[in-house]
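Quick note: the coordinates plus some simple rules give every number you see, no bench work behind them. Bear in mind that the values here come from a model prediction, so they are computed numbers and not experimental data. Glycine gets a Cβ as well: all are built from the backbone with ideal geometry, and neighbour counts include every protein chain shown.
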């Protein structure tokens, strides 16, 4: 079975309607491997961070939840709910 590589030339068409990053929406990509591993998991996480970062505050973490879970992008303390 042949595996096709992701289309790295353009973002999926659905991203054109994504919200403005000024709305403080964030995306967390959880990957079992980070940059130090430089494997397929990391490459895919990096690819999606590149596509999503113009529209969202994006970070890649090894496990969830992490120390910044529940905090708004740029916030220093978790909000009260």
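Summary table below
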read-out	value
Inter-label distance, nm, simple model (7 Å from Cα along the C-beta direction), residue 25/residue 50	2.2 nm
Anisotropy class of segment 29-74 from Cα gyration tensor, a/c 1.5 cut	oblate
